[in-house]
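What follows is a short report on a single structure.
The values are calculated or read from the model by the stated rules, or taken from the named source; none is laboratory data. Computed from a predicted model, the values in this text were never measured in an experiment. Cβ placement follows ideal geometry from the backbone for every residue including glycine, while neighbour counts extend to all protein chains displayed.
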Amino acid sequence: MDQLTLGPGTRLQHTQFGPGVIVAVRYASYMISFINHGIKEIDKTDPKLDEIIPENVTAEIETASDIEKSLLKILRLWNGFSELVPLGDRWQSGTMLLQPKDSSQKPKEIPIEAFFHKIVMLRDRVRVLEQQINAHKVLTDEDKVNLQQYITRVYGSLTTFNVLFKNKEQWFVGEKGAKED
């Protein structure tokens, strides 16, 4: 294996830790995210390490932004990685008030940061569910497509909360938004 050509995003197989993806390159080692073992630092000369060469790969020119998005997608897929999702500036230190119709009942006040954190956790868990469906060995392709459609509808139902996100790239996108791409 030619150690000089390996970089972030390269898929590897380790006889002890299984499949993984290089997430960082150091002078004498790789930081590799393994599916079942998390991120490990592995020496570049480790004989237990082999590159996984995908078939039918075409050379494509990618921008730094494309590479970053691809790497984040790989990290999420292989390690259940959660990205840092900032709350919109106007909502910082805000509160959400749930006011019952019955005025004799007390309203509920919730810090927006706490509510936003729950929304982000929900999104991360739906993403993990989506990855598990796509990687499932028993489900047929038709079953996967049907379940994927439900997940898309879930994302669509959550678009109301996009107003809380600081960055548009992190918004929920449902069926209509997916067709626009």
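Being outside the structural domain of Pro19 (by TED's automatic domain parsing), within 30 Å of Asn36 (Cα to Cα) and in contact with a Gly (Cβ under 9 Å, 6 or more places away or on another chain), is that true of even one residue in region 132-144? The answer is no; no qualifying residue exists. A search for C-beta distances below 6 Å between a residue of region 1-14 that is farther than 17 Å from His37 by Cα and any residue that is among the acidic types (Asp, Glu) and modelled with pLDDT of 55 or more, counting only pairs 6+ apart in sequence or on different chains, returns Met1/Glu51. Does any residue in region 23-47 that is farther than 14 Å from Gly9 by Cα and aromatic (Phe, Trp, Tyr) come within less than 7 Å, Cβ to Cβ, of a residue that is at pLDDT 90 or above and in a strand (DSSP E or B) six or more places away or on a different chain, and which pairs are these? Close Cβ pairs (under 7 Å, with a partner that is at pLDDT 90 or above and in a strand (DSSP E or B)) do not exist here. Cβ-Cβ contacts under 6 Å between residues 6 or more apart (or on different chains), taken from a first residue in region 151-162 that is farther than 7 Å from Gly174 by Cβ to a second residue that is part of a loop (DSSP other than H, G, I, E, B), are listed as Leu158/Phe172; Asn162/Trp171; Asn162/Phe172. On the basis of being assigned to a loop (DSSP other than H, G, I, E, B) and modelled with pLDDT under 85, does Glu68 make the cut? Spelling it out, it is not the case that Glu68 is assigned to a loop (DSSP other than H, G, I, E, B) and modelled with pLDDT under 85.
Evaluation of Gly174 against the conditions (1) touching a Pro at 6+ places or on another chain (Cβ under 9 Å); (2) surrounded by 14 or more Cβ atoms within 10 Å (Cβ to Cβ); (3) not hydrophobic (A, V, I, L, M, F, W, C) shows that the sole unmet condition is (1). Just one of the numbered conditions (1) out of contact with any Lys or Arg (no Cβ under 9 Å at 6 or more places or on another chain); (2) modelled with pLDDT of 85 or more; (3) within 16 Å of Ile74 (Cβ to Cβ); (4) not hydroxyl-bearing (Ser, Thr, Tyr) is not true of Gly7: (2).
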